[in-house]
Ligand code: M1P
């Protein structure tokens with residue numbers, strides 16, 4: 001069966017529904033429930049579905065399951081900088097090609113020095129995660145345990161460590177058109193301005209969908225769902241948790 005005829009078998013083949021991952025399809029950095037998988041599988045009979053997450057694909061495989069490329073029509077990791085359509089990888093751009101090694105090395109040097117000087121209760125490992133479309137910076141380090149992750153989130157909420165870090169980076173690199181996005185619990189993403197979640201819309205443009213729905217939990221200004229949620233071609237839905245996502249889907253599509 002060709003991909004196009006596959007889409008045309010949906011009862012509303014001109015509609016696509018896109019989902020954020022953390023806080024929308026799953027609890028933050030946790031795995032998807034069977035209830036949600038069943039809901040998505042039923043929805044896929046009616047419309048085209050995709051997810052658009054800030055994380056890289058390896059984390060989405062952990063959270064959404066090993067069959068993620070089969071269960072979604074579109075898989076957009078790193079805001080769509082890594083993209084799959086019906087299991088086939090689509091062509092995309094890369095952060096390192098955009099920034100170049102000279103500026104990248106200056107950025108890394110600043111970040112690692114900054115973290116070394118930070119007075120925070122715990123530091124673990126992997127302070128910078130290098131991805132295709134962005135870098136992810138974590139003051140505690142991505143190797144922390146779940147408990148340490150929750151502790152850091154609370155600490156950061158009270159002290160604004162990440163917000164200050166982002167302000168200092170903006171001051172140090174005013175000539176780089178970079179966006180800093182605090183989307184999760186322990187880190188922030190750094191990517192070229194414009195490479196937010198609206199980036200994924202480039203990959204679906206040629207399909208000519210009449211309606212594009214988006215579900216996300218960080219839809220407030222400054223949240224990493226804000227740009228796509230407020231995009232003029234998108235019907236945005238702000239949710240509080242995966243149960244809320246399922247309830248709205250039921251209202252809209254049942
Ligand atoms: O999807 C939201 C964010 O999830 C993770 O954030 P954290 O580890 O801080 O909870 C990261 O993968 C981040 O890139 C992503 O935006």
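Only the coordinates and a few stated rules stand behind these numbers; no lab work does. Bear in mind that the values here come from a model prediction, so they are computed numbers and not experimental data. Cβ placement follows ideal geometry from the backbone for every residue including glycine, while neighbour counts extend to all protein chains displayed.
Centroid-to-centroid, using Cα positions, the range 177-254 and the range 25-54 are 14 Å apart. Under the simplified labelling scheme, the residue 220-residue 31 pair shows an inter-label distance of 3.2 nm, with each label point 7 Å from Cα along Cα→Cβ.
Which residue fluctuates the most in the chain, going by a Gaussian network model with Cα springs under 10 Å, if the choices are 50, 65, 236? Top of the fluctuation ranking is 65. Placing a pseudo-label 7 Å from each Cα along the Cα-to-Cβ vector at residue 143 and residue 120 gives an inter-label distance of 1.5 nm. If R0 equals 30 Å, the separation of the Cβ atoms of residue 130 and residue 233 corresponds to a calculated FRET efficiency of about 0.40.
Considering only DSSP beta bridges with both partners in the chain, what is the antiparallel share in %, to the nearest 5? Just about 50 percent of them are antiparallel.
Largest GNM mean-square fluctuation among 242, 121, 27, using the chain with Cα springs under 10 Å: 121. In this simple spin-label model, placing a label point 7 Å from the Cα along the Cα-to-Cβ direction at both residue 96 and residue 9 gives a separation of 4.0 nm. You can think of it this way: the chain between residue 106 and residue 163 has 18.5 nm of extra reach, that is 0.36 nm per residue less the Cα-Cα gap. Tell me the Kirkwood radius of the range 40-105: reciprocal of the mean inverse pair distance over distinct alpha-carbon atoms, in Å. Value: 12.9 Å, from the Cα pair sum. For the pair residue 42 and residue 88, what calculated FRET efficiency results from E = 1/(1 + (r/R0)^6), where r is the Cβ-Cβ distance and R0 = 25 Å, to the nearest 0.05? Computed FRET efficiency for residue 88 and residue 42: 0.55. Can you give the percent of C-alpha pairs in the chain whose distance is more than 29 Å? That fraction is 30 percent.
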